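Taking it in order: structure first as structure tokens, then the write-up.
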Amino acid sequence: MREAARRARRSTAASASSSSSRARVIALLEVPPRTPPLSPDTGDLDADVSRAILRSVGVGAHRQRGTSTLAAVTTTHDFSVSDDTGATLSLGQYAGRVLLIVNVASKCGLTPQYEGLEKLHRTYSDRGLTVLGFPCNQFLGQEPGTDAEIQEFCRVSYDVTFPVLAKVDVNGPDAAPLYAFLRAEAPGDFGPAYGSFYETITGLQPVEAAGDVAWNFTKFLVDRDGRVVRRYEPPVPPEDIATDVERLL
């Protein structure tokens, strides 16, 4: 009887262990798959994003038939955005200049990077650099103000002289077409290599799709021809970008 009882206990324990293992596997399988990185060919892009890109550069739907829908969207110069007053601004006007495009926020722990961005702008503007700031409220609501309030904050707090444009979304279905393009061209390398910053951000607001902008103050460096050269994740300070800027000037 005692032997039979021991066998029964071993069988119960093995069954429980197996059930626990199965539960862990099922939990892993139920995690939604990450969206693959956006490809420069909008055959791999969401159709709504593709159409938004085309609208932003004035490409008619007839251009989509039989060709890549990004055939006419080859550089950042093909996009138009809105300035802080709502007026349309063609990025084509920056042809021949190096751009550093940054999503900014006024109430973020990284907001002091405004100082470094302004220093880059003042140091290299005469040689052909323009910093463009795009306020974004998608990261824990850290840019809640109106465009006018954001302009006032930048002027008073950091004496910003580079263009800070209208507030935009940088991820998701309502993302500015420019940002869909930037993410496609430079998906970035945000991951465990960024240590505690990565762990903190992942805990606060995990990246939903591969290539998404991870947080405020992600930076895209664009050459004089409008080609995206490199992406810098949020914790990279502006001063660390200076050498790369100089190479493009």
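Return the residues of the range 201-227 that are at pLDDT 95 or above, more than 13 Å from the chain's Cα centre (by Cα) and not basic (Lys, Arg); say none if nothing qualifies.
Listed by number, the residues that qualify are 222, 223, 225, 226.
List the number of the failed condition for residue 196; all other conditions in (1) surrounded by 15 or more Cβ atoms within 10 Å (Cβ to Cβ); (2) not in a loop (DSSP other than H, G, I, E, B) hold.
(1)
Taking the conditions exactly as written (hydroxyl-bearing (Ser, Thr, Tyr), at pLDDT 95 or above and closer than 25 Å to residue 233 by Cβ), does residue 90 satisfy them or not?
Taking the combined requirement at face value, the residue does not satisfy it.
Output the residue which, of all residues in the range 161-181 that are farther than 13 Å from residue 135 by Cβ and either touching a residue at least 60 places away in the same chain (Cβ under 8 Å) or basic (Lys, Arg) (or both), is surrounded by the fewest Cβ atoms within 10 Å (Cβ to Cβ).
173
If we keep just the residues of the range 148-191 that are in a helix (DSSP H, G or I) and of a type in the set (Val, Ile, Thr), which is nearest to the chain's Cα centre (by Cα)?
So, considering only residues that are in a helix (DSSP H, G or I) and of a type in the set (Val, Ile, Thr), the one nearest to the chain's Cα centre (by Cα) is 150.
Would you pick out the residues in the range 213-249 that are in contact with a Gly (Cβ under 9 Å, 6 or more places away or on another chain) and within 15 Å of residue 94 (Cα to Cα)?
Those that are in contact with a Gly (Cβ under 9 Å, 6 or more places away or on another chain) and within 15 Å of residue 94 (Cα to Cα): 224, 225, 226, 248, 249.
Of the numbered conditions (1) closer than 16 Å to residue 84 by Cβ; (2) within 21 Å of the chain's Cα centre (by Cα), residue 140 satisfies every one except a single condition; which is it?
(1)
Can you pull out every residue in the range 108-140 that is surrounded by fewer than 17 Cβ atoms within 10 Å (Cβ to Cβ), in contact with a helix residue (DSSP H, G or I) (Cβ under 9 Å, 6 or more places away or on another chain) and among the charged types (D, E, K, R)?
115, 119, 127, listed by residue number.
Looking only at residues in the range 72-130 that are part of a helix (DSSP H, G or I) and among the polar types (S, T, N, Q), which one is farthest from residue 201 (Cα to Cα)?
Top of the filtered list is 93.
The values are calculated or read from the model by the stated rules, or taken from the named source; none is laboratory data. Given the structure is predicted, the values throughout are model-derived calculations rather than measurements. No Cβ is skipped: glycine too gets one built from the backbone with ideal geometry, and neighbour counts run over all protein chains shown.
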